[in-house]
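What follows is calculated from the coordinates using simple rules that are stated; it is not laboratory data. Fair warning: this is a prediction, and the values are worked out from it, not measured in the lab. Quick reminder, even Gly has a Cβ in these numbers, built from the backbone with ideal geometry, and neighbours come from all protein chains shown.
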Amino acid sequence: MNALEPIAAGRPTPLPAPFEVRRARREEEPAPTPLVFASPHSGRLYPDDMMAAAALDAHAIRRSEDAFVDELIESASRHGAAVISANFARAYIDVNREAFELDQAMFADELPDFARARTARVAAGLGAIARVVSEGQEIYARKLTFAEARRRIEQVHAPYHAALARLLGEAHAAHGYAILIDWHSMPAAAARIGGRDGACDMVLGDRFGASCAAMVTQAVERELQAFGYRVARNAPYAGGYTTEHYGRPNRRTHALQIEINRALYLNEMSLQPTAGFAALKANLEALIATLARADWSGLR
């Protein structure tokens, strides 16, 4: 069955694996580096139940993807970092949101009391189940049910975070600390907000220093600037749920979000990589190799 074709009513189709994990070693062996990389928004699966309820076509919804970010960092496991990539599209369920960060206006039935319906992200239409994609286009042609949301959370969001927490635990057990880098891409229009003199190329989000030690942010910034990239900090993105939830420097778990300007590698209309993709990927591999070799003992 084509994943973009509506399905008949009845029992929901079983979902594919919610994520992919790549390790540089056997699972039972110690983590070779403290690095854990995550790509939560590069997933390209749009299940039948979502598309049957959608008002937009797949191409329009795909404009919310961090397209090909998983491929930009695919070398990371060869350098000793553990990598987790979401397989499902962020528009289906956004794993960089709190699980029950839901918009009551999207649902036909009442949400439970524990749902977080009044956050800034929900107000912007970008809760755990997004209401809109780029330019404010409404995704759905009908109201959803809480049962649909719960299924997405239980089958995709919860397993993703269980796996991410396990990878961080393995790194921490092996090294006494863990460094999570959450990889994203941003529209070129958004990148103009972060640059002092025009657009920036990368935004480093460390929750204004709350989610990781300064030496982590500084090391990444230094390497990116050495490649000639214009780097901003915490504007327009200071870090999402993943950075906020896992970044606990006092417990020796550090989390940094990296946003990449899509203009560096992607045609935002066709959603196809441009000639800049190869050069960016090579530079990111060099960055990853440097981070993997770095002496992070000062984080103890």
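Of the helices (runs of 4 or more DSSP H) lying entirely inside segment 22-91, those carrying at least 1 residues that are charged (D, E, K, R), out of contact with any helix residue (DSSP H, G or I) (no Cβ under 8 Å at 6 or more places or on another chain) and over 20 Å from K281 (Cβ atoms) are 48-53, 58-62. Cβ-Cβ contacts under 8 Å between residues 6 or more apart (or on different chains), taken from a first residue in segment 86-99 that is under 11 Å from I129 (Cβ atoms) to a second residue that is among the hydroxyl-bearing types (S, T, Y) and not in a loop (DSSP other than H, G, I, E, B), are listed as R97/Y241. Of the residues in segment 144-166, at least one is outside any helix (DSSP H, G or I), more than 20 Å from H254 (Cβ to Cβ), over 19 Å from the mean Cα position of the chain (by Cα) and in contact (Cβ under 8 Å) with a residue 40 or more places away in the chain. Within segment 211-258, the residues that satisfy the criterion of being under 26 Å from A128 (Cβ atoms) and among the small types (G, A, S) are S211, A235, A238, G239, G240, G247, A255.
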